[in-house]
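First the structure, in the form of structure tokens, and then the observations on it.
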Amino acid sequence: MYSISKKIRIGRKALVAKTVFTNGEIIPSAITTFACCDCGYENKLEIIPYQSGFPILQIYQSDKVLSKNELTDNGIVAPTLPSMLHFGELTVSNLPTLYFGTDCPSCHSSYICVFSYGEKQPGATVLHISGVWKFEKME
């Protein structure tokens with residue numbers, strides 16, 4: 001799990017086994033798998049609340065890694081409802097949104113995982129994985 005600081009090009013979206021976790025499914029972590037787009041290897045994803053990920057703002061701030069348009073056009077995030085803008089301009093399910101980079105241990109392809117985590121309503125905590133996308137580093 002790592003942060004991404006240089007420009008990337010988004011590729012295909014990987015197939016993720018489970019994308020929505022609620023309440024007890026999140027403690028101590030949410031665990032799922034995704035299939036590598038290149039070699040088909042089943043990669044394990046483990047997201048630990050309040051420990052995994054980096055703020056999505058790091059990706060689109062000043063178009064450092066990806067532009068806002070690239071993020072929304074690829075369905076990675078969506079514009080946040082005006083009443084929830086304290087979570088950021090772009091979010092997944094109008095909740096605090098995070099990302100991290102990961103690599104396939106089999107073929108070393110690079111992926112970005114984007115997810116949100118928070119209380120959707122009183123008593124309902126949700127972790128929603130927007131998806132996992134293959135990416136290429138730009139020179």
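The values are calculated or read from the model by the stated rules, or taken from the named source; none is laboratory data. Remember, predicted model here, so these are calculated numbers, not experimental data. Cβ coordinates were reconstructed from backbone atoms using ideal geometry, including for glycine residues, and neighbour counts include every protein chain displayed. Just so you know, the surface numbers come from the protein's heavy atoms only, side chains and all, with ligands and any DNA or RNA stripped out. Shrake-Rupley method; radii C 1.70, N 1.55, O 1.52, S 1.80 Å.
Based solely on its DSSP helices, what 222 nm [θ] is calculated for the chain when runs of n ≥ 4 H residues each add -39,500 (n - 2.57) and the sum is averaged over all residues, nearest 500 deg cm²/dmol? Walk me through the numbers on the way to the answer.
Working: 2 runs with 10 residues, N = 139.
Counting only the DSSP helices, I get -1500 deg cm²/dmol.
Once you sort the root eigenvalues of the Cα gyration tensor of region 64-139 as a ≥ b ≥ c, which label holds: rounded (a/c under 1.5), prolate (a/b larger than b/c) or oblate (the other case)? List each step's numbers first, then the result.
Details: a/c = 3.17, a/b = 1.59, b/c = 1.99.
In terms of gyration-tensor shape, oblate.
Over 25 Å between Cα atoms: which of K18/K137; K68/K134; K44/K137; K18/K120; K44/K64; K18/K64 fall into that group? Don't skip to the end; give the middle numbers.
Details: K18/K137 27 Å; K68/K134 18 Å; K44/K137 22 Å; K18/K120 18 Å; K44/K64 28 Å; K18/K64 30 Å.
In this structure, K18/K137; K44/K64; K18/K64 lie more than 25 Å apart at Cα.
Report D for region 3-49 in µm² per second (integer): Stokes-Einstein, Kirkwood Rh on Cα pairs, 20 °C, 1.002 mPa s. Don't jump to the answer; show the numbers that get you there.
Details: Rh = 12.5 Å.
Approximately 172 µm²/s, per Stokes-Einstein.
Please report, in debye to the nearest 20, how large the charge dipole of the chain is about its Cα centre when each Lys and Arg carries +1 at its beta carbon and each Asp and Glu carries -1 there. If you can, show how the numbers build up before the last one.
Values: 12 positive and 12 negative charges, 27 e Å.
Dipole of the chain, to the nearest 20 debye: 120 debye.
Given all pairs of different Cα atoms, what value in angstroms does the Kirkwood hydrodynamic radius of region 14-92 take? Display every interim value, and only then the final one.
Numbers: mean 1/r = 0.0686 Å⁻¹.
Hydrodynamic radius (Kirkwood, Cα only) of region 14-92 equals 14.6 Å.
Using the Karplus equation 6.51 cos²θ - 1.76 cosθ + 1.60 (θ = phi - 60°), what ³J(HN,Hα) coupling, rounded to whole Hz, does each residue of region 47-64 give in order, writing x for Gly and Pro?
Rounded to whole hertz, the list is 10, 9, x, 6, 10, 8, x, 10, x, 4, 3, 4, 6, 9, 4, 6, 6, 4.
Any idea of the accessible area per residue across the chain, 1.4 Å probe, to the nearest Å²? Don't jump to the answer; show the numbers that get you there.
Working: 7410 Å² over 139 residues.
Spelled out: the 1.4 Å probe surface of the chain, per residue, equals 53 Å².
If the rule is a partner Cβ under 4.7 Å, which cysteines in the chain fail it?
C37, C113
Give, as ranges by residue number, the residues of region 54-77 whose backbone N falls under 11 Å from the point 7 Å along Cα→Cβ of S3.
Counting backbone N atoms under 11 Å from the label point, the list is 54-59.
Using the basic label-point model (7 angstrom from Cα toward the beta carbon), what is the Q121 to A17 distance in nanometres?
Between Q121 and A17, the label points sit 3.0 nm apart.
Order the peptides 102-113, 118-129 from the highest to the lowest mean number of other Cβ atoms within 10 Å of their residues. Write out the running numbers ahead of the final one.
Values: 102-113: 16.9, 118-129: 14.7.
Most protected by this proxy first, the peptides run 102-113, 118-129.
By the scheme Lys and Arg +1, Asp and Glu -1, what is the net charge of all other residues having a beta-carbon under 14 Å from that of A30?
Values: positive: K18, K44; negative: E25, E46.
Taking every Cβ under 14 Å from that of A30, the sum is 0.
What part of the accessible area of the chain, given as a whole %, is carbon or sulfur when the probe is 1.4 angstrom? Mind showing how you got there, number by number?
Details: 3920 of 7410 Å².
Of the solvent-accessible surface of the chain, carbon and sulfur hold 53 percent.
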